[in-house]
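Remarks on the structure that follows.
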Amino acid sequence: MTSCDVINPATEELLRTVELTDVAGVDAAVARARAAQRVWARRAPAERAAALRAFAAVVDAHIEELAALEVANSGHPIGSARWEAGHVRDVLQFYAATPERLSGKQIPVAGGWDVTFNEPLGVVGVITPWNFPMPIAAWGFAPALAAGNAVLVKPAEWTPLTSMLLGELAVAAGLPADLFQVLPGKGSVVGQRFVEHPDVRKIVFTGSTEVGTAVMAGAAAQVKRVTLELGGKSANIVFDDCDLERAAATAPYGVFDNAGQDCCARSRILVQRNVYERFMELLEPAVKGVVVGDPGIDGTEMGPLVSRAHRNSVASYVPDDAPVAFRGQAPTGPGFWFPPTVLTPQRGDRAATEEIFGPVVAVLPFEDEADAIALANATEYGLSGSIWTDNLSRALRVSRAVEAGNLSVNSHSSVRYNTPFGGFKQSGLGRELGPDAPLSFTETKNVFIAVPAEEETP
Ligand code: NAD
């Protein structure tokens, strides 16, 4: 197969046919990237900073085009897609400061001077999933470029279009040719070749825990650096002392954003038993009020699932005898639609333990703080989560006790470009975003310079 059809998930119409990169194409791209990286790394820091700011400005001038393309390719609501494109600009702007701030250290030692340098790795391969094509690519490419590397991005097969456009915008912004290349292709071909190619010095992989594990194992053969952002089954913990109305009103948006195709989806709502009934009464109108429909219309809150195959996978978690508490609405007719769905399974049920990656949430009661923490942690994942309580001490205790990388008290926020993001346990390895991300695209080099002591004068 040398090409792949890209389908609009809201209409099932063919959007475009994309040529797929083969192994020889990857090898040629790596060779060009190596040459471009050497030139890039030699450029003055201020010049590299200016180039990244120019890239951000060109992205800013194309927000509407990028957003419309994501609506068509991924079915994201237009408001979300605009935010995603704007986020790429913000990530580029944030890391545009890096080239001029990536200072090493001067360490006091005996017999001379000691200094450290943050050397770029060389060529970095970024492998992205289909759920947030633009932001996730930017979390890899922006800090990697800023730290002096060349970047190759392999977008997911279903959603390559906005990444391809970002590749064109980089060239339009004046970034050196071949420094940043987007290579659409199959995971088993392009992604696999990134892992195997000796001149790709680091892999940033975002996707399933299953494939991430294989990428890490493959990278081990060359002691290749990896950052992994993998799956999640995050808990939204609702204590009886919280603002229950707000907790219930916001819970749908903590899990159904992007139709639940979000690694940070709070797909388990844990509710203290003495407020469980009342919470469910409040949750029902909130779920039924989620606006599901044409993603191109302002005000739509949830679009379709990304593909027919993925809708089938999500639907397998809601068989005819599933413990459905209530469901929201979804259009009928063409498109991969699935209504917001609330289940009340047992703790060990598949719907309560596996990542569904769709608009399906499991609500589970708990007894007390210790039970809530144990239940939240009873998963191999540890990416995100929310804690609803008006008791400050409890908020702090539970935040420290939940084994997850990104927690939010009395809200559902997970991602800010200036704060670190990543998972505990099988949700990942390493951190993206925040002030330290560029360091994960460098090697620390230590240089000792012997300086003979001054001869003593009598
Ligand atoms: P996936 O693992 O199927 O694919 C991810 C990427 O890996 C794709 O580009 C795919 O082509 C590529 N790939 C597949 N086989 C490969 C191989 N053998 N070698 C190298 N690359 C290969 O995941 P998906 O279905 O695209 O995305 C959904 C998953 O991503 C969910 O589990 C979700 O939780 C996770 N995710 C995690 C985060 C995070 O930041 N933690 C963010 C978004 C999505």
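The values are calculated or read from the model by the stated rules, or taken from the named source; none is laboratory data. Since we're looking at a predicted model, the values are computed, not measured. Ideal geometry is used to build each Cβ from the backbone, glycine not excepted, and the neighbour counts take in all protein chains shown. Accessible surface is based on the protein model in full, side chains and every heavy atom, while ligands, DNA and RNA are left aside. Shrake-Rupley method; radii C 1.70, N 1.55, O 1.52, S 1.80 Å.
Tabulated results
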quantity: Inter-label distance, nm, simple model (7 Å from Cα along the C-beta direction), residue 83/residue 177; calculated: 4.0 nm
quantity: Antiparallel DSSP beta bridges within the chain, as percent of all bridges there, nearest 5; calculated: 40 percent
quantity: Radius, Kirkwood style, for the stretch 348-454 when every pair of distinct Cα atoms is counted (Å); calculated: 16.7 Å
quantity: Segment residue 273-residue 168, length gained on full extension (0.36 nm per residue, minus Cα span); calculated: 32.4 nm
quantity: Of 252, 405, 332, farthest towards positive along the dipole that unit charges on Lys, Arg, Asp, Glu beta carbons give the stretch 235-409; calculated: 332
quantity: Alpha-carbon radius of gyration plus Dmax, which is the widest Cα pair, for the chain in Å; calculated: 23.7, 97
quantity: Rg over Rh, two decimals, the stretch 235-409 (C-alpha only, Kirkwood Rh); calculated: 0.96
quantity: Dipole magnitude of the stretch 1-147 about its Cα centre (Cβ charges: Lys, Arg +1; Asp, Glu -1), debye to nearest 20; calculated: 800 debye
quantity: Packing-based order for 232-240, 6-14, using average beta carbon neighbours within 10 Å, highest first; calculated: 232-240, 6-14
quantity: ³J(HN,Hα) computed for each position of the stretch 69-85 - Karplus, 6.51 cos²θ - 1.76 cosθ + 1.60, integer Hz, glycine/proline x; calculated: 5, 5, 4, 5, 7, 10, x, 6, x, 4, x, 5, 5, 5, 4, 4, 5
quantity: Around residue 27: net Lys/Arg minus Asp/Glu count, Cβ-Cβ under 13 Å; calculated: 0
quantity: Protection proxy ranking, peptides 445-454, 67-76, 44-53, 312-321, average beta carbon neighbours within 10 Å, highest first; calculated: 67-76, 44-53, 312-321, 445-454
quantity: Two-site label geometry, residue 245 and residue 222: point separation in nm, points 7 Å out along Cα→Cβ; calculated: 5.9 nm
quantity: Binned Cα-Cα distance frequencies in the stretch 31-98 - 5 Å width, integer %; calculated: 4, 18, 19, 16, 15, 13, 10, 5, 0
quantity: Estimated FRET transfer efficiency (residue 61, residue 371; beta-carbon r; R0 51 Å; 0.05); calculated: 0.45
quantity: Percent RCO, i.e. relative contact order, over the chain, from Cα pairs under 8 Å lying at least 6 residues apart; calculated: 18 percent
quantity: HN-Hα J in Hz across the stretch 58-68 - Karplus 6.51, -1.76, 1.60, θ = phi - 60°, x for Gly and Pro; calculated: 5, 4, 4, 6, 10, 4, 5, 5, 4, 5, 4
quantity: Packing rank of 251-260, 220-229, where each peptide gets the mean count of other beta carbons within 10 Å, highest leading; calculated: 251-260, 220-229
quantity: The stretch 235-409, dipole about Cα centre (Lys/Arg Cβ +1, Asp/Glu Cβ -1), debye to the nearest 20; calculated: 280 debye
quantity: Protein accessible area in the stretch 235-409, 1.4 Å probe - carbon and sulfur %; calculated: 49 percent
quantity: Under-13-angstrom lysine pairs by C-alpha in the chain, whenever the two are 8 or more apart or on separate chains; calculated: 4
quantity: Calculated FRET efficiency for the pair residue 353/residue 100, C-beta based, R₀ 60 Å, to 0.05; calculated: 0.80
quantity: Largest-first ellipsoid semi-axes for the stretch 246-287, taking √(5λ) over the Cα gyration tensor eigenvalues, angstrom; calculated: 20, 11, 6
quantity: Counted charge near residue 241, where neighbours are those whose Cβ lies closer than 11 Å (Asp, Glu -1; Lys, Arg +1); calculated: -3
quantity: Under 14 Å from the residue 451 label point (7 Å along Cα→beta-carbon), backbone N, the stretch 78-112; calculated: 106-112
quantity: Accessible area of the chain divided out per residue, in Å², using a probe of 1.4 angstrom; calculated: 42 Å²
quantity: Carbon/sulfur fraction of accessible area - the stretch 76-127, other protein chains in place, 1.4 Å, %; calculated: 55 percent
